[in-house]
1. May I ask you to verify whether Val462 is open to solvent by 40 Å² or more (accessible area, probe 1.4 Å) and of a type in the set (Val, Ile, Thr)?
2. Could you please let me know if Thr334 is within 30 Å of Gly402 (Cβ to Cβ) and touching an Asp or Glu at 6+ places or on another chain (Cβ under 9 Å)?
3. Of everything in segment 503-541, what is among the charged types (D, E, K, R) and outside any loop (DSSP other than H, G, I, E, B)? Give them in sequence order.
4. Evaluate segment 341-351: report whether one residue or more is assigned to a helix (DSSP H, G or I) and within 26 Å of the chain's Cα centre (by Cα).
5. Name every residue in segment 398-411 that is open to solvent by 20 Å² or more (accessible area, probe 1.4 Å) and in contact with a helix residue (DSSP H, G or I) (Cβ under 9 Å, 6 or more places away or on another chain), in order of residue number.
6. What's the total number of residues in segment 17-73 that are closer than 29 Å to Leu93 by Cα and of a type in the set (A, V, I, L, M)?
7. Check His289 against each of (1) within 24 Å of Ile487 (Cα to Cα); (2) modelled with pLDDT of 95 or more; (3) touching a Ser or Thr at 6+ places or on another chain (Cβ under 8 Å) and name the one condition it does not meet.
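The values are calculated or read from the model by the stated rules, or taken from the named source; none is laboratory data. What you are looking at is a predicted structure, and each value in this text was computed from that prediction instead of being measured. Positions of Cβ are generated from backbone atoms using ideal geometry, with glycine treated the same way; all protein chains shown enter the neighbour counts. Ligands, DNA and RNA are stripped out before the accessible areas are found, and what is left, the full protein with its side chains, is counted by its heavy atoms. Shrake-Rupley method; radii C 1.70, N 1.55, O 1.52, S 1.80 Å.
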Amino acid sequence: ADDSGDEEPASQSDKSELHGTLKTLSSKLEDLSTCNDLIAKHGAALQRSLSELENLKLPAESGEKIKAVNERATLFRITSNAMINACRDFLDLAETHSRKWQRALQYEREQRIRLEETIEQLAKQHNSLERACRGAPGLSSASTGITSTAKGSVQSAKGEASDEDEETEYFDAMEDAPAFITVTADPKHHRRSGSNLSGASEGHPEDWNLEDSVFESSNQSSYNESTCKDLLPKKRRRTRIPDKPNYSLNLWSIMKNCIGKELSKIPMPVNFNEPLSMLQRLTEDLEYHELLDKAVKCESSTEQMCFVAAFSVSSYSTTVHRTAKPFNPLLGETYELDRLEELGFRSLCEQVSHHPPAAAHHVYSKRGWTLWQEITIASKFRGKYLSIMPLGAIHLEFHSSGNHYVWRKVTSTVHNIIVGKLWIDQSGEIEIVNHKSKDKCQLKFTPYSYFSRDVPRKVTGVVSDADGKAHYVMSGTWDEKMECSKIVQSSHGSSSTEGKQKTVYQTLSPKVLWKKYPLPENAENMYFFSDLALTLNEPEERVAPTDSRLRPDQRLMESGRWDEANVEKQRLEEKQRAVRRRREAEAVEALEEGKDYEGYIPLWFERKVDAVTGELICVYKGGYWETKDKQDWSMCPDIF
């Protein structure tokens, strides 16, 4: 077993050595060919010179000697040609055999990979059978005899005397890209003596089963029906919107409208949109806000990091079916979501820039946390797919502990832009950093591959402390759920094909931290909106006149009046362009007069240098909710 990890690197080195040898032989053959050409050239010149000497009237003895030299020169040229041909034959033979050797090596490598996969499947089946056997009536008492005390500590009966590793999970992780191999197990059967732990770090398995722990409560009660009912708002919210009309998209009608127009003036019909703005989509990240409410209760910063990581992944769960684009917010457009009394938080977004489009977001929760961000969307069209890259950091601070987390979003890719059914993938890495404790979590979003054996939309990661010691393994998918496994032991395994040493994490069974809520009934005809998304554009009183709910083209589209929505959308965009032209004229006039021109100034946010990241970011300056209480919106611009 110890030697098996060295086979792959050895075969790679043999292959490179073989290529190097062939390259050297080819180089030497070229040198020999050059020498052969020179020999042939100079040999021919020598023979001509000797022939000329033979034609001269010289003594008979000299003529014989010249003839002998001429024959030797001819013989030398024939010999050198034979040598060159022999070298060429040898090289051809070496190349032929090298191809055979490469095919043989590739076959052996593939056979080894198949064998490893078969062994892994057998190990999983074996483990599942053992657990099923332990849980079978009449067999469980004889095979295990596990009893649990009220505090959750585990005691083993006399019949449980095995020190096998079958009770724990194993994750085979590369340092830079966490890729894990798991064997599901029951944590109640984890029983190992300290002498058997030889890894770099050790944990206390009894801590994982405390009934009053935050992890246990999240696993038992977060996602059952009773808790979901408790989380429902006190105010009755709408549960459906008008069905999406079945309008066919006439590409020619769009293209003929584009002829002779500037790219910025091309009206994109609402057929490509969903009846929500980008500000509302940003607010939708708070759908699983209860993860942060639970994180507040965590005493350990690494435990808290697990919930923050799960929250960062949960924001992508709604994108799996949502291929339509949200409305681009107008400059100065706002969106509020006041759920302070119902869910404990209130959220405010404002479009603070139009070119490039940027939105500032601030959320305050009376349950102990504040979140803020400024997101700028950059996109690149690459023919068959569109890459959407959100730029900007997301900040999250917990009031009691002062833990300050910062992370950035991954790249979203929309496939089949030209032909085929649209589908979305998320790929890249997220590094979440707690700037107070220096804890880190590295999350990897694995891009979809037709040839991959991995679960689609897979997310994996490791939570480690300031010293780099790993405490938890995160695993799951960004469209379904995230699990957390406590690391009991970590040790260095065999080297990978790149020569990097792998780390093997031995963990307890995973706890589900986050699980996606099921979509509402008839969601496929309502733009695949979630329960929260259905309420985001619901009309509300007392909101600012710049609120996205009051945007007329978006409201018309939601009502199914798409033709009217297209006309209204074009009117609003032309109105915004006129405002921008006036602002540009004012800037030119100020420049001519030697005055400073500040440009557009956000109403509820202000630009400051962030103390943590050092970046210039729009942060909430206050005043919105007080203005709402007074209902004095006189300072709001007329954008609709």
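1. On the way: open to solvent by 40 Å² or more (accessible area, probe 1.4 Å): no; of a type in the set (Val, Ile, Thr): yes.
Answer is no for this residue.
2. Considered against the rule, which asks whether it is within 30 Å of Gly402 (Cβ to Cβ) and touching an Asp or Glu at 6+ places or on another chain (Cβ under 9 Å), Thr334 comes out as yes.
3. Within segment 503-541, Lys511, Lys515, Glu524, Asp531 qualify.
4. No, segment 341-351 contains no residue that is assigned to a helix (DSSP H, G or I) and within 26 Å of the chain's Cα centre (by Cα).
5. Passing the criteria: His399, Ser400, Ser401, Lys409.
6. Step one: of segment 17-73, the residues closer than 29 Å to Leu93 by Cα are 17-41.
Okay, now just the ones that are also of a type in the set (A, V, I, L, M), so 18, 22, 25, 29, 32, 38-40.
Within segment 17-73, residues that are closer than 29 Å to Leu93 by Cα and of a type in the set (A, V, I, L, M) number 8.
7. Result: His289 passes all but (1).
Listed here are the residues, each with its yes/no results for (1) of a type in the set (S, T, N, Q); (2) touching a residue at least 12 places away in the same chain (Cβ under 8 Å); (3) touching a Gly at 6+ places or on another chain (Cβ under 9 Å).
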site	(1), (2), (3)
Ala585	no, no, no
Glu592	no, no, no
Trp604	no, yes, yes
Val612	no, yes, no
Ile617	no, yes, yes
Glu626	no, no, no
Met635	no, yes, no
